[in-house]
Structures are given as C-alpha cells and as structure tokens.
Amino acid sequence: MKEKQPYIFQYRGGQLDPEMENAMTDMCAGEIRKIRIPGGGDRQTFTAKTGVQVSANSTLEFVVELQDIQDSPDHVMVFNLLNNDKSGTLSVAQFMAIAAQGLEMFPLISTLEEMEVVIVEAFRLADKDGDGRLDLEEYLDSPLVSKENPEHEEAIQKRMNEYREKEAEKAEEAKKAKSKPKNEEL
Ligand SMILES: [Ca+2]
C-alpha cells in the first residue's frame with residue numbers, strides 16, 4: 001500500500017489476510033508494529049486489496065499503526081463492507097460468505113447450516129419490499145443489527161428450534177435404518 005490511508009476492517013471479518021490478522025491480534029489503539037509475514041502463505045487477499053502481485057514465496061514486511069478500535073460496529077460501514085459488489089443491496093450469499101468466517105462470534109450457532117437458517121430467516125423478516133435482498137434501510141432494521149423487535153428474535157429462535165428438531169429426527173431415522181437387520185429389507 002503506497003499511500004498511508006487508513007484501512008477500516010472488521011476483526012475476523014474476512015477483509016484482511018489471516019496472517020496479518022493473527023499478527024495484529026493483541027495490538028492496542030495507537031500502537032505501531034512491524035509485521036513480517038514469511039513466504040509460503042496466501043497472497044490473494046493482499047493482492048486483491050493492493051493490486052500488487054507478489055509471489056507466494058516472498059516475505060512481506062509492514063509497518064502497521066492501529067489508529068482506533070471500536071467495540072460497537074458502525075453498521076452503515078459494515079453494510080458497505082459487506083456490499084462488496086457495490087450493488088447497494090445484500091444477498092444471503094454475500095452475508096453468508098463474510099459471516100461464515102466469524103462463526104466463533106455466534107455462540108448459539110454451531111454449524112454453517114444453522115447459520116444459514118438464521119440468516120435466511122433474518123432476511124425474510126427484514127426484506128420489506130420482497131426482492132430477496134436487503135438494502136441499507138432494511139439491513140439497519142433487520143434482526144442482524146437491531147434488537148428493537150423482540151418478535152423477530154422469537155421468530156428466529158422458533159425457526160432454529162424447528163430446524164434442530166428436524167435434524168434430530170433425521171439423525172434418529174438414519175440410526176434406525178442402519179440398525180435394521182438386512183434380511184428385513186428383502
Ligand atoms: Ca429488499
């Protein structure tokens with residue numbers, strides 16, 4: 001990066017090279033750190049962000065200043081980061097691609113499939129004009145951001161319970177099918 005322009009990112013939001021993120025993990029606001037990333041790792045994120053082609057074997061050296069850390073994300077900024085095709089609306093797939101990289105931030109969700117159930121339901125609740133995507137206004141009112149609609153929270157919880165019950169039933173049936181003696185099927 002030639003110019004010293006601040007780069008805004010969500011920690012573990014999938015916007016930074018994971019090696020860079022690891023190296024920055026315990027930084028404080030105002031801290032300046034020299035970060036050396038040895039060759040052999042992924043260079044695609046770096047190239048995508050900077051337009052600079054580097055070979056996988058080259059060692060990268062950065063001097064990074066962490067200007068500020070914000071606990072509560074600026075949701076408009078997050079929307080703009082998620083909206084990486086600049087269409088002005090978010091799709092479930094777009095949201096999934098980013099959210100999947102931060103699965104550990106969602107303590108009640110244990111699999112990607114469960115995450116998709118939650119996100120699909122949240123989109124359904126928030127998509128007021130029914131085009132299947134969330135524009136900024138819909139996103140800000142959605143249960144992904146706003147906690148102002150307890151009925152949204154309930155609807156998501158209900159949907160999740162239904163999903164888990166169905167999965168448990170499926171697992172139970174699979175178990176039965178497996179334990180059934182072979183001659184019974186003949
Ligand atoms: Ca919409």
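The values are calculated or read from the model by the stated rules, or taken from the named source; none is laboratory data. Everything numeric here is computed off the predicted structure, so don't read it as measured data. Here the Cβ positions follow ideal geometry from the backbone for every residue, glycine too, while neighbour counts run over all protein chains shown.
The helices (runs of 4 or more DSSP H) falling completely within the stretch 86-167 that include 1 or more residues that are more than 15 Å from the ligand (Cβ to nearest atom) map to 92-99, 112-126. Apart from one condition, Ser72 fits all of (1) in a helix (DSSP H, G or I); (2) at pLDDT below 85; the exception is (1).
In summary, Ala48 fulfils each of the numbered conditions (1) at pLDDT below 75; (2) in a loop (DSSP other than H, G, I, E, B) with the single exception of condition (2).
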